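S.K.: What follows is a single structure, and I will ask about it in a moment.
The values are calculated or read from the model by the stated rules, or taken from the named source; none is laboratory data. Just so we're clear, the structure is a prediction, and the values are computed from it rather than from any experiment. For neighbour counting, all protein chains shown are included, and Cβ atoms are generated from backbone atoms with ideal geometry for every residue, glycine included. All accessible areas refer to the heavy atoms of the entire protein, side chains included, with ligands and DNA or RNA removed. Shrake-Rupley method; radii C 1.70, N 1.55, O 1.52, S 1.80 Å.
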Amino acid sequence: MEKSKRPFRKSKRSFRRRLPPIGSGDRIDYRNMSLISRFISEQGKIVSRRVNRLTLKQQRLITIAIKQARILSLLPFLNNDKQFQRSESTARANGLRIRNKSKK
């Protein structure tokens, strides 16, 4: 009985290489809002490098550009599309805490 050299051989699937999200001609700059907005989540957070498929240098430059745009108020720090409304349960809990402190 002869053992095969590669018992767990992976099947060769067709692999389509993804295009890089930033082209060679794109300048990573705080003024390039169309480029920067692609790397921000709906909540306004900077998307991680694994999700972006960026190199380390590109991710650093994107992060710096986003932070500069936020400071210059070109971008919001938080995405406030939905106005934050306190639910009744948290308001009640906070009210109870205030009342309990005043009784002591």
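S.K.: Do we have Arg50 as modelled with pLDDT of 90 or more, surrounded by 10 or more Cβ atoms within 10 Å (Cβ to Cβ) and under 15 Å from the mean Cα position of the chain (by Cα) here?
M.R.: Here the answer is no, as Arg50 does not meet what is asked.
S.K.: Return a yes/no flag: does the stretch 58-78 have any residue that is part of a loop (DSSP other than H, G, I, E, B), modelled with pLDDT under 90 and among the hydroxyl-bearing types (Ser, Thr, Tyr).
M.R.: no
S.K.: So in the stretch 29-40, with the set limited to residues that are part of a loop (DSSP other than H, G, I, E, B) and open to solvent by 40 Å² or more (accessible area, probe 1.4 Å), which one is nearest to Thr63 (Cα to Cα)?
M.R.: Out of the qualifying residues, it is Tyr30.
S.K.: Follow-up. List every residue pair whose Cβ atoms sit under 9 Å apart, with the two residues 6 or more apart in sequence or on different chains, where the first one lies in the stretch 42-61 and is under 14 Å from Pro21 (Cβ atoms) and without any contact (Cβ under 8 Å) to a residue 24 or more places away in the chain and the second, anywhere, is open to solvent by 80 Å² or more (accessible area, probe 1.4 Å) and assigned to a loop (DSSP other than H, G, I, E, B).
M.R.: Listed pairs, sorted by first residue: Thr55/Pro20.
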